[in-house]
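The values are calculated or read from the model by the stated rules, or taken from the named source; none is laboratory data. Remember, predicted model here, so these are calculated numbers, not experimental data. Here the Cβ positions follow ideal geometry from the backbone for every residue, glycine too, while neighbour counts run over all protein chains shown. Accessible surface is based on the protein model in full, side chains and every heavy atom, while ligands, DNA and RNA are left aside. Shrake-Rupley method; radii C 1.70, N 1.55, O 1.52, S 1.80 Å.
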Amino acid sequence: MTFTFNHIQAMAMRMLRLLALSLLVPLGLAAQPMRPFGTLRDQAAMQQRWLAQRLDSVLPRLLRKYDVDMWVIPMREYAEDPTFSSLVSPTTFAARRRTIYVFYDRGPGRGIERLALGGTSQAGLYEAVRSTKPVAGPAGVGGQQAELWGDEQWQLLKRVIEERTPRVIAVNTSRTFAFADGLTSGELQGMQEALGPEWTSRFRPAEGLAVDFIATRLPEEEVFYPKLMGVVWSMIDEMFSARTITPGKTRTSDLVWWWRQRLNDQGLGTWFQPSIEVQRRGVTSESLGDDPVIQRGDVLHCDVGITALGLNTDTQHNAYVLLPGETDAPPGLRAALANGNRLQDILFEEIRPGRSGNEVLAAALSSMRARGLDGTVYSHPIGMHGHGAGPLIGLWDYQDGVPGRGDHRVIPGMWFSSELQVTTPVPEWGGQKVRMAMEEDFFMGRDGQPRWVIGRQDKLHLVR
């Protein structure tokens with residue numbers, strides 16, 4: 001057979017591809033797992049349905065709950081309001097120049113008017129208002145209208161308000177909640193100058209309206225979320241196993257980057273850098289250092305999360321690396337984990353709709369101490385943000401309550417991460433205290449009862 005230059009070049013390219021593949025396989029980078037939740041197009045379609053349902057069902061109820069006639073949310077490109085991701089399609093990544101969203105309650109039975117003064121209709125969910133100015137030149141072919149720009153937007157907002165005469169105009173300003181404090185000083189100044197005192201005197205901080213709108217989740221989202229949590233648990237099972245850990249060789253940083261790489265390979269994201277910690281008999285955390293080599297007999301702890309379809313998870317699990325001849329963790333370590341489960345039970349007993357985060361915290365800690373447990377509670381809402389909108393139930397360094405952010409109240413349909421820890425002396429470790437930090441996500445049901453998304457860790461992962 002005669003080989004031409006093209007034949008030789010093609011063979012060389014095939015050899016290079018095979019060589020690259022052989023180099024990637026040991027690193028675990030060659031095989032690309034399928035996306036667990038379908039194509040990006042499928043995911044976007046699902047998110048769009050959720051958005052429509054939230055605007056149709058959640059928003060009207062909250063406007064009336066907080067006695068608000070009109071909610072005005074102006075923002076500029078790259079200075080988006082924290083509510084932005086809760087208001088727009090998954091295909092919209094930033095505000096368009098300036099976008100002013102206006103929500104007006106037309107009264108019982110007449111629904112909520114949704115206007116976008118600038119930007120798009122978000123696939124028909126808003127009435128998008130354009131400028132009356134025609135576009136000159138080639139860009140204006142077909143009679144396209146210019147986009148709203150500058151002072152024209154503020155004057156249009158004034159006209160919208162004058163035509164509807166709202167009693168109360170909610171704006172996103174707050175000294176307590178970041179999620180309700182998206183109105184920048186420049187946008188506030190622009191509104192004040194355009195509207196004048198007649199209308200600005202009707203401004204009211206949105207606060208609870210903005211927080212609850214971001215925080216409220218749909219039943220349809222609750223159907224999907226366990227699938228996301230299932231991926232988390234499956235990945236932790238693999239990470240805390242002999243498939244990934246070689247005692248005496250694997251460092252904690254190896255597991256951190258294993259997690260990040262596996263997420264990337266599956267088309268998933270995360271909202272924080274994962275962490276892995278080690279506790280070891282007779283060794284202080286200072287002696288272990290920042291990146292210890294994992295040894296047999298170690299207790300391992302992970303704090304990991306996943307982001308997909310605009311939702312986030314937050315999970316902390318614990319593992320034990322078996323010593324030679326062991327088939328299970330020592331009874332003292334198993335008891336330590338069980339004490340963490342007891343504090344989770346206490347949190348479930350005390351959390352209920354209508355209670356503030358600070359009230360839940362105080363009741364849970366009182367019950368915890370009465371049962372002889374040594375622990376702390378620092379749980380938080382979760383959903384569209386990892387540390388989500390809603391009431392804080394303690395901070396790790398604020399166990400007397402969190403003024404302001406802990407005073408918000410639990411509502412049905414809110415999701416939480418039950419983040420907490422219990423410290424227990426372990427007899428097999430000479431009475432050394434072992435900290436079991438645990439975190440599982442749960443739903444606050446519409447029936448007022450909390451329930452785990454898919455369950456909780458009640459047994460240590462074992463690395464054989």
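The residue among Leu228, Gly388, Val102 whose Cα reaches farthest toward the positive pole of the charge dipole of the chain, with charges on the beta-carbon of Lys, Arg, Asp and Glu, is Leu228. So I have (1) 148; (2) 189; (3) 213, and one of them is volume of the Cα convex hull per residue in Å³ calculated from this model. Which one is it? Computed from the coordinates, volume of the Cα convex hull per residue in Å³ corresponds to (3). For the chain, the number of Lys pairs with C-alpha atoms closer than 29 Å, counting only pairs eight or more positions apart or on separate chains, is 6. All other residues whose Cβ lies under 9 angstrom from that of Asp298 are scored, Lys and Arg at +1 and Asp and Glu at -1, for a net of +3.
Among Asn264, Val453, Val168, whose Cα projects farthest towards the positive end of the dipole of the chain, with charges put on the beta-carbon of Lys, Arg (+1) and Asp, Glu (-1)? It is Asn264, whose Cα lies furthest towards the positive end.
Ranking Tyr320, Tyr78 from most to least accessible surface, computed with a 1.4 Å probe over the protein chains only, gives Tyr78, Tyr320. With respect to the chain, whose longest principal axis is taken over its alpha-carbon atoms, helix 40-53 is tilted by about 60°. Which residues among the range 116-132 fall inside the zone where the amide N is under 13 Å from a point 7 Å beyond the Cα of Trp149, along Cα→Cβ? Those under the cut-off are 131-132. Diffusion coefficient of the range 129-276 by Stokes-Einstein, Kirkwood radius over Cα pairs, 20 °C, 1.002 mPa s: 102 µm²/s. Spatial offset of the range 244-320 relative to the range 150-170 amounts to 51 Å, using the alpha carbon center of each. Qualifying trypsin sites (Lys or Arg not before Pro) in the range 66-107, where qualification requires a DSSP coil assignment and no more than 15 other C-beta atoms within 10 Å, comprise Arg97, Arg106.
Using a cutoff of 8 angstrom between alpha carbon atoms and counting only pairs six or more residues apart, the relative contact order for the chain works out to 12 percent.
Tell me which GluC sites (Glu not before Pro) from the range 331-364 have a DSSP coil assignment and no more than 12 other beta carbons within 10 Å of their own.
Sites meeting the loop and neighbour criteria: none at all.
Across the options Phe84, Phe203, Met191, the greatest Cα extent toward the positive end of the charge dipole of the range 82-228 (unit charges at beta carbon of Lys, Arg, Asp, Glu) belongs to Met191. Overall, the chain carries a charge dipole of about 840 debye about its Cα centre when +1 sits on the Cβ of Lys and Arg and -1 on the Cβ of Asp and Glu, all other atoms neutral. For the chain, the solvent-accessible area works out to 47 Å² per residue, with a probe of 1.4 Å and every protein chain left in place. Of the whole protein surface, Glu163 contributes about 130 Å² of accessible area at a 1.4 Å probe radius. On the beta carbon distance between Gln261 and Ser201, with R0 = 35 Å, the FRET formula returns roughly 0.05.
Residues of the range 258-275 falling in the label zone of Arg243, defined by backbone nitrogen less than 14 Å from a point 7 Å along Cα to beta-carbon, are 259, 262-263. Remark: accessible surface ordering of Asp56, Asp181, Asp314 (largest first) is Asp56, Asp181, Asp314, probe radius 1.4 Å.
Taking the 1.4 Å solvent-accessible surface of the range 309-447 as the whole, the part contributed by carbon and sulfur is 52%.
Net charge dipole, the range 89-228: roughly 160 debye, given to the nearest 20, about the Cα centre with Cβ charges of +1 for Lys and Arg and -1 for Asp and Glu.
If I take every Cα pair under 8 Å that is 6 or more residues apart in the range 386-464, average their sequence separation and divide by the length, what percent do I get for the relative contact order? Relative CO of the range 386-464 lands at 22 percent. Under the simplified labelling scheme, the Glu326-Arg164 pair shows an inter-label distance of 6.3 nm, with each label point 7 Å from Cα along Cα→Cβ.
With all protein chains in place and a 1.4 Å probe, the accessible surface of the range 160-202 carries 45 percent carbon and sulfur.
Surface calculation, 1.4 Å probe, protein heavy atoms: Lys459 sits at approximately 150 Å² accessible. Taken about its Cα centre, the range 324-459 carries a charge dipole of about 220 debye when Lys and Arg each add +1 at the Cβ and Asp and Glu each add -1 at the Cβ. In percent, rounded to a whole number, the relative contact order of the range 151-204 is 46, using alpha-carbon pairs under 8 Å and six or more apart. When you filter the chymotrypsin sites (Phe, Trp or Tyr not before Pro) in the range 386-432 for DSSP loop state and at most 10 other Cβ atoms inside 10 Å of their Cβ, nothing is left. Taking the centroid of alpha carbons for each part, the range 389-464 and the range 182-216 are 35 Å apart.
With all protein chains present, how much of the accessible area of the range 36-141 (probe radius 1.4 Å) comes from carbon and sulfur, to the nearest whole percent?
54 percent
Close amide H partners of Arg251, meaning residues 5 or more places away or on another chain with modelled amide H under 5 Å apart, are Ile294. The shape of the range 36-92 comes out oblate: with a ≥ b ≥ c from the C-alpha gyration tensor, a/c is at least 1.5 while a/b does not beat b/c.
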